[in-house]
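K.L.:
Below you'll find the structure I mean.
A short reminder: the numbers here are calculations on the coordinates, not readings from a lab. These numbers were taken from a predicted model, which means no experiment stands behind them. Here the Cβ is made from the backbone with ideal geometry for all residues, glycine too, and neighbour counts use every protein chain on show.
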Amino acid sequence: MASTSTGGVGAFIGNSVGEAAAFAAGLAIGPLLEPLVQALRNETWSQYPDRPIDAATLAQGVAEGKISADTGRSEARLTGIAQTPFDTLVAIFQNAPSVAEAIRLIQRGQLPPSEFPVVLERNGLEPAFRDALAAVSTTGLKPWEQPLQPAEIALAIVRNLLADPGFLPKTLDTDGSSVPAYPQSDLDAVDLAAETGVTREELRIMVGTTGRPSPVNETARAVFRGIANRQAFNLSILEGDIRPEYADLLFEVAREILTAHDWVELHLRGYITDTEMYAGTALHGMSQADTDRLFRVLGRPLTVHQITTGLARGGQFNPIPGELTDPYEASVHESNIKPSYYDLAIANRYSYPSLFQLNALVKASAITADTARDWATKEGLAPEVVDALFTFWQGEQAGGTTTAGVKPKTFTYSQIHQAWRNSVFTDAEALAELEAIGYPAAKAATLLATWKATQANTPTGG
């Protein structure tokens, strides 16, 4: 047994104990001599730097354009690689763009579509995979053509740009529409979705999430008008993005109620109490303080003239808390008159006699011509009219017995004519005044007829 074992070892390490010992010594001392051997190698290569570059490295350099093909071939021959094998190595190292990059280049028109199979081959794809990537889809879509995304397909169905595959609960008749329809595509929506891995049922769900129901408020109004029922409102909640527990709340919020303005107007007109007014405006979240402010805005005061007549007839002004106590001041402040006009408005609170009343008062010597002129001015008559009237009224004053006993003066022809034109004199009074200054009755009548004809032919009627 022992000799058999020794014989086996001897066949491996030698036939003598001396050889075995030498082999063992060599194995043991080898690592110790490695630095010396390396130093020897370095010195040799330093003296004889003739080692050529590896052929594969040269081929990669040529493929990447870092060295010329001739340089690579010459150097490769030093390693025993001929030109044809070297050119094959170069071809191996020549890269094509990735599949995704090639698709982008074709989309941009920078690479002919005919090169796409070459790109697939250069990327090392097996023939079966190359054929699959280069194949045209069932809808005619080429590999470099971007398919519609599922969300876009769903939206196109909702917007009638793609024919509905039967997903929508109802369609509408648009034949004879006065507005032209956007052209519908003849592509099949389900096939388009399949190109992105979306099934028919998944597309149907996407159509449902894309198409929105009518707004909650408008659906509720349709219920109130009898156009829809409450279940239709509930459906708009379930098909929307509002949780069902808010349905009753939103339904009641959509119910039409009186505005805050209406509640205040009702109180102003005496139909409801202030308590009812506050309760009504509170439905809109309005506080009592803001309701009071709205009340003041909507409640208009009397005009200054109405206040004057009301006070004269025994009426009383009863200001509310915080209101000005003077009725005239309160009126102009609570109206929409600008503050710069307050004093003018208050000064306009009185009325004055009409023109005919003034004429009668002067004739009756109840007022003087000066007073009549002042009142006519305050009544707003034009200055030239007031001047003519004043002249007339002076004559009227002179027509009676004066305190000084002076004989009253008569009117001039111009004064009589002016007074008649301004309707101070009637026809009869004008004839009488003309006769009073010496015109015979016939001539006075002729003058009056001339005045009338002149007045009729004047475009302004004056």
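K.L.:
Only sites in a loop by DSSP and with at most 13 other Cβ atoms within 10 Å count here; which trypsin sites (Lys or Arg not before Pro) in segment 23-115 make the cut?
P.N.:
LYS66, ARG108
K.L.:
Would you mind ranking TYR439, TYR182 so that the residue whose beta carbon has the fewest other beta carbons within 10 Å leads the list? Write down the numbers at each step before the final one.
P.N.:
Working: TYR439 18, TYR182 9.
If I rank by nearby Cβ atoms, fewest first, I get TYR182, TYR439.
K.L.:
Could you derive backbone 3J(HN,Hα) for segment 179-190 from the dihedral phi with the Karplus parameters 6.51, -1.76 and 1.60 (θ = phi - 60°), listing whole Hz in sequence and x where the residue is Gly or Pro?
P.N.:
Rounded to whole hertz, the list is 9, x, 7, 5, x, 8, 6, 8, 6, 8, 4, 5.
K.L.:
Over the chain, with a single point scatterer placed on each C-alpha, what log10 of the ratio I(q)/I(0) does the Debye formula yield at q = 0.10 1/Å?
P.N.:
Calculated log10 I(q)/I(0) at the listed q: -1.05.
K.L.:
Continuing with the same structure: Residue by residue through segment 328-341, what is 3J(HN,Hα) from phi via Karplus (6.51 cos²θ - 1.76 cosθ + 1.60, θ = phi - 60°)? Round to whole Hz and write x for glycine and proline.
P.N.:
Each residue's phi maps through the Karplus curve to give 5, 4, 4, 4, 6, 6, 8, 8, 9, 7, 5, x, 5, 9 Hz.
K.L.:
Now, a different point. So how tilted is helix 369-379 from the main axis of the chain? Cα-based, degrees 0 to 90, rounded to 10.
P.N.:
20 degrees
K.L.:
Here's a follow-up. Using each residue's phi in segment 228-241, evaluate 6.51 cos²θ - 1.76 cosθ + 1.60 at θ = phi - 60° and report the 3J(HN,Hα) Karplus result to the nearest Hz, with x for Gly and Pro.
P.N.:
Coupling constants for segment 228-241: 9, 9, 5, 5, 5, 5, 4, 5, 5, 6, 5, 8, x, 10 Hz.
K.L.:
Compute the angle between helix 200-210 and the longest alpha-carbon principal axis of the chain, please, reported from 0 to 90 degrees and rounded to the nearest 10.
P.N.:
30 degrees
K.L.:
Which Cα, out of HIS261, LEU40, ILE242, lies furthest along the positive dipole direction of the chain (beta carbon charges, K/R +1, D/E -1)?
P.N.:
It is HIS261.
K.L.:
Still on this structure, please answer the following. Rounded, prolate or oblate: pick one for segment 141-223, where a ≥ b ≥ c are the square roots of the eigenvalues of its C-alpha gyration tensor, a/c under 1.5 means rounded, and failing that, prolate if a/b is larger than b/c, else oblate.
P.N.:
oblate
K.L.:
Same structure again: Decide, for segment 304-347, between rounded, prolate and oblate: order the square roots of the alpha carbon gyration tensor eigenvalues as a ≥ b ≥ c, take rounded if a/c falls under 1.5, and otherwise choose prolate if a/b is larger than b/c, else oblate. Please report the intermediate quantities before stating the final value.
P.N.:
On the way: a/c = 2.83, a/b = 1.28, b/c = 2.22.
Since a/c reaches 1.5 but b/c is at least a/b, the shape of segment 304-347 is classed as oblate.
K.L.:
At what distance in nm do the modelled label points of ILE337 and GLU64 sit from each other, each positioned 7 Å from its Cα along Cα→Cβ?
P.N.:
Simple spin-label model gives 9.6 nm for this pair.
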